[in-house]
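The values are calculated or read from the model by the stated rules, or taken from the named source; none is laboratory data. Quick caveat, the model's predicted, so the values are computed rather than measured. Heads up, the Cβs are rebuilt from the backbone with ideal geometry, glycines too, and the neighbour counts pull from every protein chain shown. These area figures cover heavy atoms from the full protein model, side chains too; ligands, DNA and RNA do not enter into them. Shrake-Rupley method; radii C 1.70, N 1.55, O 1.52, S 1.80 Å.
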Amino acid sequence: MRRSGVVRRAAVVVAVAALGAGGAGLPSAALTAPSAPSASAPSRASSVPRPQAPQPQERGLGIQMPGIFGSLPGAFACGDCKASGWPICFPFMQSCALPGGRPPATTTPPALPTTPPTAPIAGRTLAWYEEFAAPLTPGARWVADRTSAYRYGNHNPDDDKLDWLNPANVTVLGGVATFTARPGSHTLENGRRSWDTGLLTTEGSREGFQVRTGDYVETRVRMPYGLGAWPALWTWKGSGNEIDSFEYHPDHPATLELSNRLGATGKYLTDPAHIAPGKWVTIGTRYGRDSVDWYVDGVRVHSDRVGVRSTWSAYLILNLSVVAGRYHPAPPAGAPIEFSVDYVRVWR
C-alpha cells in the first residue's frame, strides 16, 4: 500500500501495464481466488485455524475489479503541541515544554472491555490490544507524527498521497479513535496542497510492539464517506514486510483491498452486505507461514496460500490517507473526512 522509493514506483508501473486502464494494482493472476482443493491433495490453507465465535463459514470471495489498489520542511523550532497534548515537534521531534513535563514512559495497556474478547482462533491468547479507552500517551504505544514508510517522515507525495501527518488529527472519545483529514497549509514537493491527517504506528514507540508470524490481528472500523479517503491497517518494517489487512476507497463503496506484498498477492473483495460508507465492520488477518488469511465479521473471505517467512515481523500502522487523484478521485476542497476505529487486538 505505501510505496517508498524507486523500486516501489517501478512496481506500480509494471502493475499498471499488467492490468490496463484503472490504475495501479496487482497482476490479475495474483487477484484470482484460489481454486478449491481436491480431496486427494489438500491445500496448504486447509490446516489454517479458524475463528470459533461466530462459527466460521466460507463466504463468496467477491468480484475482482480492475486496478484500484491501489527536502524536509525548513522548520527547526519546537512546535506548540499544547492543544493536542503531543510533546513532539515538526519535523524533528524535539520535546515541547508542556505544563507538568513530559508524559511518563509507560507500557501499561489500556483497560479491556468489561467482557474480555473471545479469541477468534482456537488456542490463542490476547498478546496486545488498543481499546482507545483513554487519551493516547504520546510515544508510549503509538507514534503519530512520522513513519519510515513515508519518504519525508511526515508526508509522502510519491505514493499518490496528500498526507501531512498531524498528531492532533487523531482524537479519542468514548472508546473510539477518530482520524480526521482536513485541507492543510503546506505545499508538497509535487506542488499540491497538503491535507493534515492522522496516523498511528507502533514503530519508534517506547513499547515497540511488532506482529509476527502466526499472529492474528483484528480491528473494528467504520468506513468513511467522502471521495479521497484512503483508510488502512497495514504492517511495515521496510518495503519487504508489508501486509495490508485492508485498504478502502469510497469511490468503490463495497470493496476492500486485501494484499500480501511479500508474495505480490491480493484480493479485491466486494461485499455490499458488510462493507459500505458509514458501516462498522470487523476485519481480521492471520499472518500464517503458509497462508495469510483475511476475515470479515468473523468469516474467512480469502486465503492467499503464500504466507510469510517464519522469521517475519513488522510494526502496525493504522491511518487515514488522502488520495492525490492518480488512481482514485481526490477529495473536493474543504470538506473534512473522518475514519473511526473501535479497537485493534492481536492474538498469538
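Listed values, structure above:
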| quantity | calculated |
| --- | --- |
| Which numbered condition Leu188 fails, given (1) farther than 24 Å from Pro138 by Cα; (2) of a type in the set (A, V, I, L, M); (3) within 15 Å of the chain's Cα centre (by Cα) | (3) |
| Members of the stretch 238-258 that are open to solvent by 30 Å² or more (accessible area, probe 1.4 Å) and among the acidic types (Asp, Glu) | Asp251 |
| Members of the stretch 278-298 found to be open to solvent by less than 10 Å² (accessible area, probe 1.4 Å) and in contact with a Pro (Cβ under 7 Å, 6 or more places away or on another chain), listed by number | Gly284, Tyr295 |
| Odd one out for Gly214, checked against (1) buried (at least 22 other Cβ atoms within 10 Å of the Cβ); (2) over 17 Å from the mean Cα position of the chain (by Cα) | (1) |
| Residue within the stretch 326-347 that is open to solvent by 10 Å² or more (accessible area, probe 1.4 Å) and in contact with a helix residue (DSSP H, G or I) (Cβ under 7 Å, 6 or more places away or on another chain) present | no |
| Residue that is surrounded by the most Cβ atoms within 10 Å (Cβ to Cβ), among those in the stretch 299-309 that are touching an Asp or Glu at 6+ places or on another chain (Cβ under 7 Å) and under 22 Å from Leu126 (Cα atoms) | Gly307 |
| Selected residue (criterion: most open to solvent (accessible area, probe 1.4 Å)) from residues of the stretch 310-320 that are among the hydroxyl-bearing types (Ser, Thr, Tyr) and part of a strand (DSSP E or B) | Tyr315 |
| Yes/no for Arg261 being in contact with a Ser or Thr (Cβ under 8 Å, 6 or more places away or on another chain) and crowded, with 22+ Cβ neighbours inside 10 Å | yes |
| Lone qualifier among Ala168, Ala140 - being of a type in the set (A, V, I, L, M), assigned to a helix (DSSP H, G or I) and out of contact with any His (no Cβ under 9 Å at 6 or more places or on another chain) | Ala168 |
